[in-house]
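The values are calculated or read from the model by the stated rules, or taken from the named source; none is laboratory data. This is a predicted model, so every value here is computed, not measured. Cβ atoms come from the backbone with ideal geometry, glycine included; neighbour counts cover every protein chain shown.
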Amino acid sequence: MGYPTFNVGDVLTAADMNAVGLWRITNCTVSSAGGTAATASNGVITIGTGNTSVTVNNAFSSLYDNYRIEFANSDATGNGNFMYLAFGAANTQYYGSIYFDNFNGASTGSTRRDNSTFMEVGVSGTDNNTSFAMDIHSPNIATTTTFHGTYFGGGWSGWFGGQQLSNTQFTSFTISIQAGSFSGGTIRVYGYRN
């Protein structure tokens, strides 16, 4: 079965709309540190200039069990710095790993987190190519939050995965950078239909 196709003038039934799998979270608000402010409009967060972190509020709620974050086309001040993600105010109990490889010939490797204050979710790149996509399971349910995804930045690409063990019902997340800053690009959050 394929995805539903809608045409101009079609009457959309409940069955048509219930077949849609992802819904963009449109009531997100945003705050940022460093540079010019990030902005949010209809679920599209536009990253400011020279931001060292961006916090997306009202991202998770009881409407969905699982979510997807798309972080796309941001321009970092340098290549090869880790991009970090933290949920809400949780600053402990992150466990996971990130694998990285560079097509320019740099060595491959991995970093592991064991009761860390954040999780690596990507590597920065210049030329508007810092991007990652991640799926998050149960961020607003009082249980372990798990996540996994892929990324590209500055010639580096790979995957990451992990868990946050605090059993907190999160509503927000923060993306930050290991060193320097990032500018431009967008963040979108989607809820998976239950």
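Look at (1) more than 19 Å from GLN178 (Cβ to Cβ); (2) among the aliphatic types (A, V, I, L, M); (3) free of Cβ contacts under 8 Å to residues at least 60 places away in the same chain and you find that MET119 fails only one, number (1).
Would you check if there is a residue in the range 46-60 being at pLDDT below 95, over 17 Å from the mean Cα position of the chain (by Cα) and not small (Gly, Ala, Ser)? No, the conditions are met nowhere in the range 46-60. Counting only strands (runs of 3 or more DSSP E) that sit completely within the range 143-183, zero hold 2 or more residues that are out of contact with any strand residue (DSSP E or B) (no Cβ under 6 Å at 6 or more places or on another chain) and either aromatic (Phe, Trp, Tyr) or under 18 Å from GLN93 (Cα atoms) (or both). Is the range 98-112 home to any residue that is among the small types (Gly, Ala, Ser), in a strand (DSSP E or B) and surrounded by 15 or more Cβ atoms within 10 Å (Cβ to Cβ)? Scanning the range 98-112 turns up no residue that is among the small types (Gly, Ala, Ser), in a strand (DSSP E or B) and surrounded by 15 or more Cβ atoms within 10 Å (Cβ to Cβ). Taken over the range 113-124, the criterion of being buried (at least 17 other Cβ atoms within 10 Å of the Cβ) and within 16 Å of ALA86 (Cβ to Cβ) is satisfied by ARG113, SER116, PHE118, MET119, GLU120, VAL121, GLY122.
Checked against (1) in a loop (DSSP other than H, G, I, E, B); (2) out of contact with any Ser or Thr (no Cβ under 7 Å at 6 or more places or on another chain); (3) surrounded by 19 or more Cβ atoms within 10 Å (Cβ to Cβ), ILE187 meets all criteria but (1).
Consider the range 125-142 and keep the residues that are at pLDDT 95 or above and outside any strand (DSSP E or B). The one that is surrounded by the most Cβ atoms within 10 Å (Cβ to Cβ) is PRO139. Among the residues of the range 70-121, none is identified as of a type in the set (Lys, Arg) and either within 16 Å of the chain's Cα centre (by Cα) or farther than 13 Å from GLY162 by Cβ (or both).
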